[in-house]
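Student: The following block contains the structure, expressed as structure tokens.
The values are calculated or read from the model by the stated rules, or taken from the named source; none is laboratory data. Here the structure is a predicted model, which is why all the values come from computation and not from measurement. All Cβ positions, even for glycine, are placed from backbone atoms using ideal geometry, and neighbour counts span all protein chains on display. When the accessible area is computed, the model is the full protein with side chains, heavy atoms only, and any ligands, DNA or RNA have been set aside. Shrake-Rupley method; radii C 1.70, N 1.55, O 1.52, S 1.80 Å.
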Amino acid sequence: MKINVTRTSLPPFEDYCEEIRKLWDSHILTNMGVEHDALRDALQQYLGVPHVVLFTNGHLALEAALRTLGLPQGGEVITTPLTFVSTTHALVRCGLTPVFCDVCPEDGTMDAAKIEPLINERTVAILPVHVYGHVCDVDAIGAVAERHGLKVLYDAAHAFGVRYRGVPVAQLGEAVMLSFHATKVFSTIEGGAVCCSDAALARRLADERNYGIRDEEICVAAGGNAKMSEFQAAMGLCNLRLLEGELARRKALDAQYRALLAGVPGLQMLLPRPGVTPNYAYFPVLFEGEGVRDRVKEALAAEGIGSRKYFWPLTSAVEAYKGCPWADPSATPVAARMAAQVLTLPLSADLEPEQVERICALVRQALATSA
Ligand SMILES: *Cc1c(COP(=O)(O)O)cnc(C)c1O
């Protein structure tokens, strides 16, 4: 049987039908209806943030945050190239210039010690990513930002449900973007959010999401359309009820991977920093040596097992940015090495322990034969 790198969890069919039945009564399918409001309230409670502004996807949530934080056009934003292209695209599409900071080899998050040399008079913000659900050095990043008067917006697309020293990541930063895409730990099919504690920022985000329309006669901003529909919110409400069980299953699979791959020569497992309560969103491993990663990937594929080179290429190395002066993978050597070595192994809540055993046996076998 084929094993995909991720598999979307779904609630029982009847639960979803029950949740959306009221939409057939009301005929209100979008524009912040009862399902939207219920999910928003539930997430504000679960994440412990005063404001969760829901969007139709994480990418538009990120763009909305960049547009509403009051960043000067053309400003430079310090960010990471070891991420999904969405992070970098959002900056470029909002008229901002990415400046890439290198990452920590242990967990792949932005190396806070390398931020300060990148700051100049054009720098306006920092956009770090809690990549793989590994929490950034939020204290050090916050201190640098404060010293230089910079805004910090976190891309927490991978980090739903993650805590740092007991605090949900949604609370860490001026604004925090979440993704609820079907491949993420918590899904609303497509979906996303920006979390913040500033009521005025939340208001601007809501304007940005719905054409700047406040009511029938009042339009206050040139906003776009990025609303979460009732069907998406209903899926979120169903999935939120299942979240604790999902996280527990992921945790057990992660532990099994770690036990079976411990001490394998030429293989390094990434580890979140102390104090992180992970969500076990991904299982990235690094393979030493030229081409080893690709050979392992092929060996798994030959057995019907999907894996992903998350994140290869670096966003500073994609074709879209060829020739851009700021897109230079050699400026971030640690990220470049990780991108060349990383392979994300299958991990989803319904993966079977026997499947993890088989995957690990194949990885060890592929390493032994390519040594
Ligand atoms: C998924 C993802 C996004 C975009 O979120 P969507 O909901 O898919 O639009 C942004 N950044 C990172 C790091 C992601 O993994």
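Student: Kindly indicate which of Thr109, Thr183, Thr123 is open to solvent by 10 Å² or more (accessible area, probe 1.4 Å) and within 24 Å of Pro329 (Cβ to Cβ).
Tutor: Thr123
Student: Tyr164 passes all but one of (1) among the hydroxyl-bearing types (Ser, Thr, Tyr); (2) more than 12 Å from the ligand (Cβ to nearest atom); (3) out of contact with any helix residue (DSSP H, G or I) (no Cβ under 8 Å at 6 or more places or on another chain); which number fails?
Tutor: Status for Tyr164: all satisfied but (3).
Student: Check segment 158-175 and report whether any residue there is over 21 Å from Asn279 (Cα atoms), open to solvent by 40 Å² or more (accessible area, probe 1.4 Å) and touching a Gly at 6+ places or on another chain (Cβ under 9 Å).
Tutor: Checked segment 158-175: no residue is over 21 Å from Asn279 (Cα atoms), open to solvent by 40 Å² or more (accessible area, probe 1.4 Å) and touching a Gly at 6+ places or on another chain (Cβ under 9 Å).
Student: Still on this structure, please answer the following. Pairs under 7 Å by beta carbon, first residue basic (Lys, Arg) in segment 53-67, partner more than 9 Å from the ligand (Cβ to nearest atom) and open to solvent by 10 Å² or more (accessible area, probe 1.4 Å), six or more apart or different chains?
Tutor: From segment 53-67, the pairs are Arg67/Cys94; Arg67/Glu208.
Student: Another one. Anything in segment 17-36 that is open to solvent by 40 Å² or more (accessible area, probe 1.4 Å), within 19 Å of Ser187 (Cβ to Cβ) and not in a loop (DSSP other than H, G, I, E, B)? List them, or say none.
Tutor: Cys17, Glu18
Student: Give the residue, chosen from Leu23, Leu10, Leu39, that is within 16 Å of the ligand (Cβ to nearest atom), over 17 Å from the mean Cα position of the chain (by Cα) and under 21 Å from Cys238 (Cβ atoms).
Tutor: Answer to the selection: Leu39.
Student: In contact (Cβ under 8 Å) with a residue 40 or more places away in the chain and open to solvent by 40 Å² or more (accessible area, probe 1.4 Å): does that describe Ser197?
Tutor: yes
Student: Return the residues of segment 37-79 that are of a type in the set (D, E, K, R) and open to solvent by 40 Å² or more (accessible area, probe 1.4 Å); say none if nothing qualifies.
Tutor: Hits for segment 37-79 are Asp37, Arg40, Asp41, Arg67.
Student: Need the failing condition index for Glu290 against (1) assigned to a helix (DSSP H, G or I); (2) among the charged types (D, E, K, R); (3) over 30 Å from Leu10 (Cα atoms), just the number.
Tutor: Condition (1) is where Glu290 drops out.
Student: What about Arg308, is it under 21 Å from Gly58 (Cα atoms), in contact with a helix residue (DSSP H, G or I) (Cβ under 7 Å, 6 or more places away or on another chain) and buried (at least 16 other Cβ atoms within 10 Å of the Cβ)?
Tutor: Values: under 21 Å from Gly58 (Cα atoms): yes; in contact with a helix residue (DSSP H, G or I) (Cβ under 7 Å, 6 or more places away or on another chain): no; buried (at least 16 other Cβ atoms within 10 Å of the Cβ): yes.
Against the criterion (under 21 Å from Gly58 (Cα atoms), in contact with a helix residue (DSSP H, G or I) (Cβ under 7 Å, 6 or more places away or on another chain) and buried (at least 16 other Cβ atoms within 10 Å of the Cβ)), Arg308 does not qualify.
Student: Quick check on segment 327-367: of everything there that is touching a strand residue (DSSP E or B) at 6+ places or on another chain (Cβ under 8 Å), open to solvent by less than 20 Å² (accessible area, probe 1.4 Å) and among the polar types (S, T, N, Q), which residue is farthest from Pro105 (Cα to Cα)?
Tutor: For segment 327-367, the residue satisfying everything is Thr344.
Student: Consider Gln232 against the criteria (1) at positive phi; (2) surrounded by 19 or more Cβ atoms within 10 Å (Cβ to Cβ): it satisfies all of them except one. Which criterion is unmet?
Tutor: It fails just one condition, (1).
Student: Look through Leu39, Leu82, Leu29, Leu54 and report the one residue that is on the phi < 0 side of the Ramachandran plot, at pLDDT 95 or above and in contact with a Lys or Arg (Cβ under 9 Å, 6 or more places away or on another chain).
Tutor: Sole residue among the options that is on the phi < 0 side of the Ramachandran plot, at pLDDT 95 or above and in contact with a Lys or Arg (Cβ under 9 Å, 6 or more places away or on another chain): Leu54.
Student: Does Gly173 satisfy the condition of being more than 9 Å from the ligand (Cβ to nearest atom), in a loop (DSSP other than H, G, I, E, B) and over 14 Å from Ala65 (Cβ atoms)?
Tutor: no
Student: Conditions: (1) modelled with pLDDT under 95; (2) buried (at least 20 other Cβ atoms within 10 Å of the Cβ); (3) not acidic (Asp, Glu). Gly291 meets all but one. Number of the miss?
Tutor: Only one criterion in (1) modelled with pLDDT under 95; (2) buried (at least 20 other Cβ atoms within 10 Å of the Cβ); (3) not acidic (Asp, Glu) is unmet by Gly291, namely (2).
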